[in-house]
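Here is the structure we will look at.
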Amino acid sequence: MGSERRIKRWSRLARITHWLLLIGVSIGFVTGLPVLDGELFGFLYNLMGGEAVREALHYYVTIILLAPAIPLIVARAVQARGEEWWWPSWGEIRDAFTVMGRWLGLTKKYPVIGFHHPIEKLFLLSVHFGVLLLGVSGILMVFNLLGVQYKAALLLIHDIGFIMTGVPLAAHFMLAINPVNWETLRAILTDGMVSERWARKHHPGWRIRREGQ
């Protein structure tokens, strides 16, 4: 029996962007928790080696990692090949509400799933805008580019970005550890390849291209 044919699901651009977001956002979240609630997450100060280390990680390491992620996100949104295009169309937004309606028992309809699950695209939209808000407000605060009189407004924007990023990422994590999604999780973290059988079963609307097409 020949080996099962594997196909490209995630491009190198997608995988690099994902790694930058994964590491950068994770560091940003963990180092931001003690500031969010010092009583509950104060133990993290000791684990990180003190406030100076926490500040360096939160202020500068996250900027170094997430700054290049933003133009890569934009590049993925405008790339010629539409399969990985993460910006949802109106049809995909309607499909997302159809899926949620099915979850709530309001309808029996279910859309044909293409390259992206429609709700995944809404998650991506929220995460990407959340990262943008976090990044812009964070840079303005770290380097005090607007002055202290705007710090309260920037903190509000930073908190909104945190919510827009954190809520869908929590859902994303729960879906990622579902065994059904292990193959695509491995693909986004390594070589980008999945089995054709998995693709046709879970994404029947994905127009699969053979190598060279």
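For the reader, a short list of remarks on this structure follows.
- Per residue, the convex hull volume that the Cα atoms of the range 114-213 enclose (Å³): 131 Å³
- The chain - Debye-derived log10 I(q)/I(0), Cα point model, q = 0.09 Å⁻¹: -0.44
- With Cα atoms, 0 to 90° folded angle of helix 151-176 axis to the chain main axis: 30 degrees
- Charge sum, other residues only, whose C-beta stays under 10 Å from Met48's C-beta, Lys/Arg counted +1 and Asp/Glu -1: -1
- Dipole-positive endmost among Val148, Met174, His202 within the range 131-213 (Cβ charges, Cα centre): His202
- Each peptide in 15-24, 49-58, 102-111 gets a packing score, the mean of other Cβ atoms within 10 Å over its residues, and the list from highest to lowest is 15-24, 49-58, 102-111.
- Per atom type, the range 9-130 shows carbon and sulfur on 70% of its accessible surface, probed at 1.4 Å.
- Accessible carbon and sulfur surface of the range 132-213 relative to its total accessible area, %, 1.4 Å: 68 percent
- Averaged over residues, the count of other Cβ atoms within 10 Å places the peptides 142-151, 112-121 in the sequence 112-121, 142-151, highest first.
- Across all Cα atoms of the range 84-158, the radius of gyration (one decimal) and Dmax (whole number) stand at 18.1, 54 Å.
- Put simply, when 158-167, 87-96, 38-47 are sorted by average Cβ atoms within 10 angstrom per residue, most first, you get 158-167, 87-96, 38-47.
- In summary, the lysines within cross-link reach of Lys109, defined as a Cα separation below 28 angstrom excluding same-chain residues under 8 places away, comprise Lys121, Lys201.
- Pairs of alpha carbons in the range 33-93 separated by more than 19 Å make up 55% of all such pairs.
The values are calculated or read from the model by the stated rules, or taken from the named source; none is laboratory data. Just so we're clear, the structure is a prediction, and the values are computed from it rather than from any experiment. Here the Cβ is made from the backbone with ideal geometry for all residues, glycine too, and neighbour counts use every protein chain on show. Heads up: the accessible areas ignore ligands, DNA and RNA and are worked out on the full protein's heavy atoms, side chains in. Shrake-Rupley method; radii C 1.70, N 1.55, O 1.52, S 1.80 Å.
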